Amino acid sequence: MTRYGMAIDMTRCYGCQTCAAACKVANNLPKDLVYNRVLTIGGTSNDCAAGPYPDCTLDFLPMQCQHCDNPSCLNVCPTGATQKREDGIVWVDNELCIGCESCIKACPYEGVRTLIANEPEYYLDVVVGEFDAPTHKAGTVEKCTFCHNLIDRGEVPACMQLCPARARYWGDLDDPESDMSKYLATREAVVLQEEDGTGPKVSYIR
């Protein structure tokens, strides 16, 4: 059985936001919706260094849904809108979602789920992105899907396709021959908030 996951090498990421832009275009995301953000660690704002000169640092943390093995969002959803596929990808069926925000409150990873409160507005008058990009509806919650529409046709998530630093790795965690498994075998990786017991499948190399 396939169990997909992603590894992000923070030593290679330099905060260019290309992954966030690629995600936004590929998924035809409305103005106020992002699935994938690149946070600046310790600074007071994006691209702001942390600490006093000359000992300041500038490090970045790409953040998205962690597609947990034991997702806390799943059990609290009253309608079954939040679902987990056999390959481990967690997604939201917006035909079932009622926008109650229970999943947002249950998720320990701040900002990875977003309620579309009002009718979506777009920067362009034309639809962009993949032909099978997700639809967006007012009154529903959305999040990173690991681009399961791309995965299902043998491609990789959009955030990986244009990363100039090649900071992201993708594959089957249970297949020792996958790019993901081979990469993790040679690195010391951590997951975010492991103590919460959600079993996130996004690993970070620091």
task: Looking only at region 1-53, count how many residues are part of a strand (DSSP E or B), closer than 18 Å to Glu155 by Cα and open to solvent by 30 Å² or more (accessible area, probe 1.4 Å).
output: 1
- request: Say whether the condition of being surrounded by fewer than 19 Cβ atoms within 10 Å (Cβ to Cβ), farther than 30 Å from Thr11 by Cα, touching a strand residue (DSSP E or B) at 6+ places or on another chain (Cβ under 7 Å) and of a type in the set (D, E, K, R) is met by at least one residue in region 146-163.
  value: no
query: Which number in (1) at positive phi; (2) over 15 Å from the mean Cα position of the chain (by Cα); (3) not acidic (Asp, Glu) marks the one condition that Ser72 misses?
result: (1)
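Does region 107-117 include one or more residues that are among the charged types (D, E, K, R), surrounded by 17 or more Cβ atoms within 10 Å (Cβ to Cβ) and touching a residue at least 40 places away in the same chain (Cβ under 8 Å)? Outline the logic, then answer.
We begin by selecting, within region 107-117, every residue among the charged types (D, E, K, R); these are 110, 113.
Applying the additional criterion that residues be surrounded by 17 or more Cβ atoms within 10 Å (Cβ to Cβ) yields 113.
Checking the rest, the ones that are also touching a residue at least 40 places away in the same chain (Cβ under 8 Å) come to 113.
Yes.
Name the strands (runs of 3 or more DSSP E) wholly inside region 56-123 in which the number of residues that are at pLDDT 95 or above and within 19 Å of Leu39 (Cβ to Cβ) is 2 or more. Walk me through how you get there before you give the answer.
On the way: elements: 59-63, 82-84, 90-92, 113-116.
Per the criteria, 59-63, 113-116.
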query: Does at least one position in region 155-163 carry a residue that is assigned to a strand (DSSP E or B), in contact with a Cys (Cβ under 6 Å, 6 or more places away or on another chain) and of a type in the set (A, V, I, L, M)?
result: no
task: Mind listing just one residue for me: the one in region 170-206 that is in contact with a strand residue (DSSP E or B) (Cβ under 8 Å, 6 or more places away or on another chain), of a type in the set (Val, Ile, Thr) and in contact (Cβ under 8 Å) with a residue 24 or more places away in the chain and, of those, surrounded by the fewest Cβ atoms within 10 Å (Cβ to Cβ)?
output: Val191
- prompt: Asp125 passes all but one of (1) free of Cβ contacts under 8 Å to residues at least 40 places away in the same chain; (2) open to solvent by less than 80 Å² (accessible area, probe 1.4 Å); (3) more than 17 Å from the chain's Cα centre (by Cα); which number fails?
  reply: (2)
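Would you be able to say whether some residue in region 54-63 is surrounded by 16 or more Cβ atoms within 10 Å (Cβ to Cβ), within 24 Å of Ala117 (Cβ to Cβ) and touching a Ser or Thr at 6+ places or on another chain (Cβ under 8 Å)? Walk me through how you get there before you give the answer.
Let us first name the residues in region 54-63 that are surrounded by 16 or more Cβ atoms within 10 Å (Cβ to Cβ), namely 59-63.
Right, trim to within 24 Å of Ala117 (Cβ to Cβ) and you get 63.
Restricting the remaining residues to those that are touching a Ser or Thr at 6+ places or on another chain (Cβ under 8 Å) gives none.
No: region 54-63 contains no residue that is surrounded by 16 or more Cβ atoms within 10 Å (Cβ to Cβ), within 24 Å of Ala117 (Cβ to Cβ) and touching a Ser or Thr at 6+ places or on another chain (Cβ under 8 Å).
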- prompt: Of all residues in region 93-115, which are out of contact with any Asp or Glu (no Cβ under 6 Å at 6 or more places or on another chain), of a type outside the set (S, T, N, Q) and more than 17 Å from Pro200 (Cβ to Cβ)?
  reply: Asp93, Glu95, Leu96, Cys97, Ile98, Gly99, Cys100, Glu101, Lys105
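The values are calculated or read from the model by the stated rules, or taken from the named source; none is laboratory data. Here the structure is a predicted model, which means the values were calculated and not measured. Quick reminder, even Gly has a Cβ in these numbers, built from the backbone with ideal geometry, and neighbours come from all protein chains shown. Just so you know, the surface numbers come from the protein's heavy atoms only, side chains and all, with ligands and any DNA or RNA stripped out. Shrake-Rupley method; radii C 1.70, N 1.55, O 1.52, S 1.80 Å.
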